[in-house]
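**Student:** Sharing a structure below in structure tokens format, with a few things to ask.
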Amino acid sequence: MDYQDVIQNMSLEQIISVIEVLQKSSDSYLFIMDLNEDIYMISEKATKRFPFDTMVIENCTEMLKQVVYPSDYAMVEADIVKCASGDQDSHALEYRWFDRKGKVVWINCKGTVVVGPEGHRLLIGRVSELGKKAKADNVTGLRREVRFRLDAEAILRDRPQSVHYMMRIGIDNFKEINEKEGLEAGDEVLQELAECIVASVDESVDVYRLLADEFMIMDASTNDSVGAKTVYNRIKRKVTQTVRQKEYSRFYTISAGVMEEGFEDKTADEILRLTEFALNEAKRNGRNQMAVFDQENYNEYLRRLDIRKAMRRDVNNDFNGFQVFYQPIVKAPDFQVVGAEALLRWGNERYGNVSPAVFIPILEESGLIIPVGRYVLREAARTCKKWRESIGDFKIHVNLSYVQVHKSDLMKDVETCIEEVGLEPDSLVLEVTESGYIETNDRIKEIFSELKDKNIDLALDDFGTGYSNMRYLKEIEAKTVKIDRSFVIQALQNEHDYNIINHIIDMVHSLGSSVCMEGIEQSDELDKMMKTHPDMIQGYYFGKPSPKEQFENQFLQTINSP
Ligand code: C2E
Ligand code: MG
Ligand code: MG
């Protein structure tokens, strides 16, 4: 006798009592659905958690419309119709229900069709909550990104105004843990952190594991929220405790990127992108902190991305849009033009002329400064070659980025350029800044000393803006120190800084180097600063950066442009 025969001989009451007994030892909700009569019976436990008024529901179809998430309803109904008509004898689906608070709950519903008393087709089975443990990631026991997308999509579509916050959390030094301690240690850290996160939020708040070392908290509960900052601090405290308990065997910190508003017109995809941006902001700001998404910063970031794309296109289009300007450098005390600094310019129709303070860092981040630096060098070398016909010992100053020094074959580029153009090496002054070379390693020293062997001078740029230490000056044996305009302005404004500049200039001289003072705009500024005895001056007072032809007309009358 198989169970079909047994059940067919039982009364409905008997079947229900068996189910009630089984229910006592199950975490799931057991149910019977009479497919002929449209009646649904579910365990009492389910009526507490879900919006069923009674255990026995007469109008099953109507009830399902209340409980099943609207966009899942058609799928569920179609499956039940097949069970009722005899097209299939089992039901197994994963879909969403609403709980009593109206919160979405993922469930897995499984059942088998049996023929019961009076030949009725009965679907008997169980509903289990996928809840926080299921759809799980094996490492952390959390749901994954796919599930986040589904849940977030639904909430953003139906009730975006109820989202309190979305918080993306990342481990600051996860790669390091994996590399130094192995993948297993990495997994343990993920597990620990997952526990810290779950323990820091309410039951009704959802936690997901995204890629690698990142987590997402979505607080869209109908309860009041304690807020993102409080939750972040709780997690941080728990992480610190865990790290301490494990006696600092694995040290890590966490950063977070949070969105607290503006959910109305967003998709899950956008939330993932924007919280990632905020998380990266937190990391950029020094890690171990939380950053709240800021639309203005994000727009600026997009602008920079766009500029980067446009510059890359221009680099590949024979440097269209790039131009080299020249600003005169005069010697003291007669103010004769002895050289010029080559200053890069870039712009396009969309952005107009963009300041080097904006585009130089973008070129550096993207590595584009390497081809562009080569272009500036070549342009400047050609120009200088021509201008030497007018001023015999004219010197052209070219700015070097630390990226060029660290990441390209600078020596080769310089040599090739000099050879191709036929430039005397002593025409060239390469301007370097201190930042980026804090750890002056042997390779860099070698490059600088090779340049000197080739008779190419170095100038230390931006002096007075960073650490500006004399040791560095000595180390790289710069022939010239360029005092930055910001420092000059300070000296013009207060006596103390004026005295410092005075002393610095004496010191530079005693080391055998010369001083170029930048940013002199007015004659009274010139008068005051001349008393500190700079060797050269560069500033708007003598000339602004200008295109080659303009420079020639203004400062090199003997040259006639072709
Ligand atoms: P920098 O090398 O210190 O260049 C001097 C800057 O001061 C130039 O700004 C110049 O226009 C400005 N300046 C000179 N005299 C005066 C003055 O009297 N008043 C004022 N207000 N400003 C003055 P610019 O051209 O905007 O360049 C800014 C920075 O961008 C440069 O500072 C340099 O660090 C970087 N840069 C420019 N061209 C290149 C390049 O080809 N390669 C690299 N790596 N960096 C470059
Ligand atoms: Mg410079
Ligand atoms: Mg400078």
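**Student:** Which residue pairs have Cβ atoms under 6 Å apart, sit 6 or more places apart or on different chains, and have a first residue in the range 19-31 that is open to solvent by less than 30 Å² (accessible area, probe 1.4 Å) and a second that is in a loop (DSSP other than H, G, I, E, B) and β-branched (Val, Ile, Thr)?
**Tutor:** none
**Student:** Exactly one of (1) assigned to a helix (DSSP H, G or I); (2) modelled with pLDDT under 85; (3) more than 16 Å from ligand 2 (Cβ to nearest atom) is unmet by THR440. Its number?
**Tutor:** Status for THR440: all satisfied but (1).
**Student:** Inspect all residues belonging to the range 523-532 and state whether any of them is of a type in the set (Asp, Glu), surrounded by 14 or more Cβ atoms within 10 Å (Cβ to Cβ) and within 15 Å of ligand 3 (Cβ to nearest atom).
**Tutor:** Checking the range 523-532: not a single residue is of a type in the set (Asp, Glu), surrounded by 14 or more Cβ atoms within 10 Å (Cβ to Cβ) and within 15 Å of ligand 3 (Cβ to nearest atom).
**Student:** Go through the range 7-16 and report how many residues are part of a helix (DSSP H, G or I) and more than 17 Å from LEU123 (Cβ to Cβ).
**Tutor:** 2
**Student:** From the list ILE396, ILE447, ILE418, which one is touching a residue at least 12 places away in the same chain (Cβ under 8 Å), within 12 Å of ligand 1 (Cβ to nearest atom), out of contact with any Asp or Glu (no Cβ under 7 Å at 6 or more places or on another chain) and open to solvent by less than 40 Å² (accessible area, probe 1.4 Å)?
**Tutor:** ILE396
Here's the yes/no breakdown for (1) over 25 Å from the mean Cα position of the chain (by Cα); (2) crowded, with 18+ Cβ neighbours inside 10 Å; (3) closer than 23 Å to ASP294 by Cβ:
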{"position": "GLU153", "(1), (2), (3)": "no, no, no"}
{"position": "GLN161", "(1), (2), (3)": "yes, no, yes"}
{"position": "TYR165", "(1), (2), (3)": "no, yes, yes"}
{"position": "PHE174", "(1), (2), (3)": "no, yes, no"}
{"position": "LEU183", "(1), (2), (3)": "no, no, no"}
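**Student:** Inside the range 372-390, can you point out the residues that are away from ligand 1 (no atom under 12 Å from the Cβ) and either assigned to a helix (DSSP H, G or I) or out of contact with any Leu (no Cβ under 7 Å at 6 or more places or on another chain) (or both)?
**Tutor:** Correct list: ALA381, ARG382, THR383, CYS384, LYS385, LYS386, TRP387, ARG388, GLU389.
**Student:** Now for a separate question. Can you spot a residue in the range 400-411 that is within 16 Å of ligand 3 (Cβ to nearest atom), open to solvent by 30 Å² or more (accessible area, probe 1.4 Å) and part of a helix (DSSP H, G or I)?
**Tutor:** Yes.
**Student:** Turning to a different aspect of this structure: Is it true that ILE489 is within 15 Å of ligand 3 (Cβ to nearest atom), surrounded by fewer than 18 Cβ atoms within 10 Å (Cβ to Cβ) and farther than 25 Å from VAL324 by Cβ?
**Tutor:** Judged against the criteria, ILE489 is a match.
**Student:** Among the residues of the range 216-250, write down those that are over 24 Å from GLN161 (Cβ atoms) and in contact (Cβ under 8 Å) with a residue 60 or more places away in the chain. Working first, answer last.
**Tutor:** Our first condition is that a residue be over 24 Å from GLN161 (Cβ atoms); within the range 216-250, this holds for 233-250.
Correct list: ILE235, ARG250.
**Student:** Hey, another quick one. Name the single residue that is most open to solvent (accessible area, probe 1.4 Å) among those in the range 450-472 being modelled with pLDDT of 80 or more and within 18 Å of ILE501 (Cα to Cα). I'd like the intermediate steps shown before the answer.
**Tutor:** At the first step, the residues of the range 450-472 found to be modelled with pLDDT of 80 or more are 450-465.
Restricting the remaining residues to those that are within 18 Å of ILE501 (Cα to Cα) gives 459-465.
Details: ALA459: 0, LEU460: 2, ASP461: 16, ASP462: 55, PHE463: 5, GLY464: 29, THR465: 77 Å².
Among those residues, the one meeting the criterion is THR465.
**Student:** Inside the range 73-173, counting only strands (runs of 3 or more DSSP E) that do not spill past its ends, which hold 3 or more residues that are over 26 Å from GLU20 (Cα atoms)?
**Tutor:** In the range 73-173, 165-171 are the strands (runs of 3 or more DSSP E) which contain 3 or more residues that are over 26 Å from GLU20 (Cα atoms).
**Student:** Kindly provide the set of residues from the range 185-194 that are in contact with a Gly (Cβ under 9 Å, 6 or more places away or on another chain) and more than 19 Å from MET290 (Cβ to Cβ), ordered by number. Lay out the reasoning, then the answer.
**Tutor:** Of the residues in the range 185-194, the ones in contact with a Gly (Cβ under 9 Å, 6 or more places away or on another chain) are 191, 194.
Matches in the range 185-194: GLN191 only.
**Student:** As an exercise: evaluate ILE476 against (1) open to solvent by 20 Å² or more (accessible area, probe 1.4 Å); (2) within 16 Å of ligand 2 (Cβ to nearest atom); (3) not charged (D, E, K, R) and give the number of the one condition it does not meet.
**Tutor:** (1)
**Student:** Moving on to the next point. Give me the pairs, please: first residue somewhere in the range 141-167 and among the acidic types (Asp, Glu), second residue anywhere and in a loop (DSSP other than H, G, I, E, B) and surrounded by 16 or more Cβ atoms within 10 Å (Cβ to Cβ), beta-carbon distance under 6 Å, and either six or more positions apart or on two chains.
**Tutor:** GLU145/LEU210
**Student:** Run down ASP294, ASP265 and say which single residue is over 24 Å from VAL226 (Cβ atoms) and among the acidic types (Asp, Glu).
**Tutor:** Of the residues listed, the single one that is over 24 Å from VAL226 (Cβ atoms) and among the acidic types (Asp, Glu) is ASP265.
**Student:** Something else: Please count how many residues of the range 447-471 are away from ligand 2 (no atom under 16 Å from the Cβ) and either part of a loop (DSSP other than H, G, I, E, B) or more than 24 Å from ILE329 (Cα to Cα) (or both).
**Tutor:** Count: 9.
**Student:** Only one of GLU521, GLU475 is among the acidic types (Asp, Glu) and in a loop (DSSP other than H, G, I, E, B). Can you tell me which?
**Tutor:** GLU521
**Student:** Are there any strands (runs of 3 or more DSSP E) wholly within the range 261-370 with 2 or more residues that are within 16 Å of ligand 2 (Cβ to nearest atom), and if so which?
**Tutor:** 322-331, 337-348
**Student:** Is at least one residue of the range 500-511 within 13 Å of ligand 3 (Cβ to nearest atom), touching a Ser or Thr at 6+ places or on another chain (Cβ under 6 Å) and open to solvent by less than 40 Å² (accessible area, probe 1.4 Å)?
**Tutor:** So far as the range 500-511 goes, no, none of its residues is within 13 Å of ligand 3 (Cβ to nearest atom), touching a Ser or Thr at 6+ places or on another chain (Cβ under 6 Å) and open to solvent by less than 40 Å² (accessible area, probe 1.4 Å).
**Student:** Can you pull out every residue in the range 344-368 that is near ligand 1 (Cβ under 9 Å from one of its atoms), open to solvent by 20 Å² or more (accessible area, probe 1.4 Å) and farther than 26 Å from ARG284 by Cα?
**Tutor:** Of everything in the range 344-368, just one residue is near ligand 1 (Cβ under 9 Å from one of its atoms), open to solvent by 20 Å² or more (accessible area, probe 1.4 Å) and farther than 26 Å from ARG284 by Cα, namely ARG345.
The values are calculated or read from the model by the stated rules, or taken from the named source; none is laboratory data. Note that the structure is predicted; figures quoted are calculated from it, not measured. Every residue, glycine among them, receives a Cβ derived from its backbone with ideal geometry; neighbour counts consider all protein chains shown. Please note that ligands, DNA and RNA were not included when accessible areas were found on the heavy atoms of the full protein model with its side chains. Shrake-Rupley method; radii C 1.70, N 1.55, O 1.52, S 1.80 Å.
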